[in-house]
Structure formats: structure tokens, C-alpha cells
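Here is the structure we will look at.
The values are calculated or read from the model by the stated rules, or taken from the named source; none is laboratory data. Every value quoted in this text rests on a predicted model; they were computed, and no experiment measured them. Don't worry about glycine lacking a Cβ; one is built from the backbone with ideal geometry, like all the others, and counts go over all protein chains shown.
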Amino acid sequence: MIDFCSLISRRPLLMGVVNVTPDSFSDGGEFLDSEAAISHALKLMEEGVDILDIGGESTRPGAEAVTIEEEQRRVLPVIEGIRVSGCKTPISIDTRHSDTMRKALQYGADIVNDISALVHDNESLHVVSKAQIPVILMHMQGSPETMQNSPEYDDVVEAVYAFLEERIERCTQAGIDQKKIIVDPGIGFGKTLEDNLKLLKNIDKFHKLKCPVLLGASRKSFIEKICPHTYPQDRLPGSIAAMLSAYQKGVQIFRVHDVAESRQALGVFSAIERA
């Protein structure tokens with residue numbers, strides 16, 4: 001049984017990606033226009049998405065930071081438009097910036113998804129604690145600008161686990177209810193191919209943190225490293241393979257670009273398991 005942002009389900013939750021950016025690795029520029037982003041979000045809702053993840057700053061390897069003002073100019077009208085349409089689906093704001101978190105919540109967001117695990121901005125802990133909303137803590141080595149410059153670990157699984165464990169402790173000390181914390185090992189964020197595969201193989205170990213586990217492997221470049229010459233839009237089979245492997249290991253939430261296809265794959269796989 002999963003209880004996450006008022007969602008109670010006996011199946012995994014799907015978080016649909018809406019990148020309001022010109023340069024995201026998979027769909028950069030496709031939904032930069034607010035109306036296009038809103039239409040895409042409503043399409044994902046029709047496909048059965050459980051959570052909409054709205055982001056206005058690309059975090060692909062090598063991406064340059066944008067100003068907080070530009071980030072808000074991109075995401076706030078989209079959140080507002082989704083809510084004006086009558087959509088009740090929970091919305092996650094994908095940001096590292098406390099002011100964007102605060103304003104996104106005012107516009108109708110329900111969840112904070114921070115790739116820095118509330119480290120980047122000192123005010124973020126306070127914003128999330130005060131709002132008492134769910135928060136996703138992700139592991140990243142370095143920053144998007146530098147994270148793929150020769151990342152190195154003695155033991156990537158232990159290093160990621162220790163980081164997330166420390167961040168959970170820091171969050172609970174700040175008054176955030178542990179029941180509202182979700183952890184994400186950060187596939188592709190400061191990791192080599194071998195690191196990513198080790199994390200995927202051992203992702204069940206993160207259940208010891210006693211928080212729901214989220215996997216964001218959709219269309220990631222590690223798939224291209226295994227199967228060369230596959231552009232992001234061609235990585236659906238690899239994305240589903242990673243998702244189903246993690247589902248077998250008890251992962252509860254999947255951040256995906258292809259909601260309908262992912263839901264179908266999970267549905268068939270689950271039916272076979274139950275037979």
C-alpha cells in the first residue's frame with residue numbers, strides 16, 4: 001500500500017514529465033510555450049498519470065543554470081493553467097530554488113522535487129517544512145554543469161545511501177514528516193554507466209531508508225551507452241526495461257516521459273505476476 005500526496009494505491013505511481021525548457025535532453029523546446037505545456041500535461045492526465053512534474057530549468061549534463069525569474073516565468077503560468085482547467089492531479093515542482101518552490105505552491109503545486117535534496121538553497125528546508133508537503137530528495141554528485149566530469153565513488157550504492165540517509169535526518173530535524181519524504185538515487189546525475197547499473201541492480205537496498213523510492217531512468221543516456229545510436233525518443237524499450245527491473249525490486253514511483261506505454265507495461269507485468 002502506497003500513501004503519497006493523498007494517493008493510496010496498490011500499484012506503482014507514474015510521474016509524468018513536463019519540461020518547460022528550450023534545452024532538456026529529451027524534449028527541449030517542445031513544450032516551452034505555456035499552452036503547449038498545459039496541453040501536454042492534460043494529455044498525460046488522460047493517459048492516467050498520477051503526478052505531473054513541472055520543471056523550468058534543464059538539468060541535463062552540462063546545462064547552464066537559468067535565473068530564478070526565468071524559471072518562474074516558464075513554470076508558474078503552466079501550473080496556473082493546469083489548475084484553471086480543473087485538473088486535480090497532484091503537481092510536483094521540479095526546482096532547486098526556494099522562491100520558486102514557494103510561489104509554485106501558491107499557484108497550485110503539491111510536491112517539491114529537488115535534484116539537490118534541499119541542499120542548493122538554504123531556505124528550501126524551511127519552505128518545505130512550513131508547507132508540510134511531500135518532498136523528493138535526489139542524489140547528485142556536483143551540479144548539472146559539472147556532474148559528468150569524471151564522477152568517481154569508492155562504492156556508489158553506499159555513497160548514495162549515506163547521502164540520502166543524512167538528508168532524511170536533516171529534513172526530519174527541520175520538522176519535515178518522514179512519511180512525506182521520497183528518495184531518488186539520481187540515475188545519470190554524476191554517475192558513470194557502471195554506477196547507474198549498480199544502482200539499478202541494488203535499488204532495493206534503499207527501502208531500508210523507510211521512505212518510498214522513486215526511479216527516474218526514462219530516456220536517460222545510459223541506455224544509449226548500452227545500445228549505441230539510440231536518440232532519446234528511441235529509448236522507450238530501454239526505459240521500460242529499467243522500470244520493470246526496479247518494479248520487481250519494490251520501487252513505488254516512476255518518473256517517465258511515456259505514460260501510456262509505461263502504464264501498459266506495468267499492467268501486463270503485474271497481471272503475469274498475479275496469475
Conditions (1) surrounded by fewer than 24 Cβ atoms within 10 Å (Cβ to Cβ); (2) closer than 19 Å to Thr21 by Cα -> Ala109 fails only (1)
From the option list Phe206, Phe189, Phe163, single residue qualifying as modelled with pLDDT under 95 and surrounded by 18 or more Cβ atoms within 10 Å (Cβ to Cβ) is Phe189
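Does at least one position in segment 167-187 carry a residue that is of a type in the set (Ser, Thr, Tyr) and in contact (Cβ under 8 Å) with a residue 40 or more places away in the chain?
Step one: filter segment 167-187 for residues of a type in the set (Ser, Thr, Tyr), giving 172.
Narrowing the set further to residues that are in contact (Cβ under 8 Å) with a residue 40 or more places away in the chain leaves none.
Checking segment 167-187: not a single residue is of a type in the set (Ser, Thr, Tyr) and in contact (Cβ under 8 Å) with a residue 40 or more places away in the chain.
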In segment 149-190, anything closer than 18 Å to Asn113 by Cα, out of contact with any Lys or Arg (no Cβ under 7 Å at 6 or more places or on another chain) and of a type in the set (A, V, I, L, M) is listed as Val160, Leu164, Ile168, Ala174, Ile176, Ile181, Ile182, Val183
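Tell me whether segment 71-78 contains one or more residues that are touching a residue at least 40 places away in the same chain (Cβ under 8 Å) and polar (S, T, N, Q). Full working, then the answer.
Going through segment 71-78, the residues touching a residue at least 40 places away in the same chain (Cβ under 8 Å) turn out to be 74-75, 77-78.
Among the residues that remain, those that are also polar (S, T, N, Q) are: none.
Looking through segment 71-78, none of the residues is touching a residue at least 40 places away in the same chain (Cβ under 8 Å) and polar (S, T, N, Q).
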Open item on the list: Going residue by residue through segment 241-260, is there one that turns out to be surrounded by 13 or more Cβ atoms within 10 Å (Cβ to Cβ), in contact with a strand residue (DSSP E or B) (Cβ under 8 Å, 6 or more places away or on another chain) and charged (D, E, K, R)?
Closed with: yes
Conditions (1) part of a helix (DSSP H, G or I); (2) of a type outside the set (Ser, Thr, Tyr); (3) over 18 Å from Asn113 (Cβ atoms) -> Val127 fails only (3)
Within segment 136-145, restricting to residues that are out of contact with any Leu (no Cβ under 7 Å at 6 or more places or on another chain) and of a type in the set (A, V, I, L, M), the one that is surrounded by the fewest Cβ atoms within 10 Å (Cβ to Cβ) is Met140
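Quick check on Gly190: is it of a type in the set (Gly, Ala, Ser), in contact (Cβ under 8 Å) with a residue 40 or more places away in the chain, in contact with a Pro (Cβ under 6 Å, 6 or more places away or on another chain) and within 21 Å of Gly142 (Cα to Cα)?
Details: of a type in the set (Gly, Ala, Ser): yes; in contact (Cβ under 8 Å) with a residue 40 or more places away in the chain: yes; in contact with a Pro (Cβ under 6 Å, 6 or more places away or on another chain): yes; within 21 Å of Gly142 (Cα to Cα): yes.
The answer is yes for Gly190.
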Practice problem: Would you confirm whether any residue within segment 220-228 is in contact with a helix residue (DSSP H, G or I) (Cβ under 8 Å, 6 or more places away or on another chain), over 17 Å from Gly16 (Cβ atoms) and in a loop (DSSP other than H, G, I, E, B)? | Solution: yes
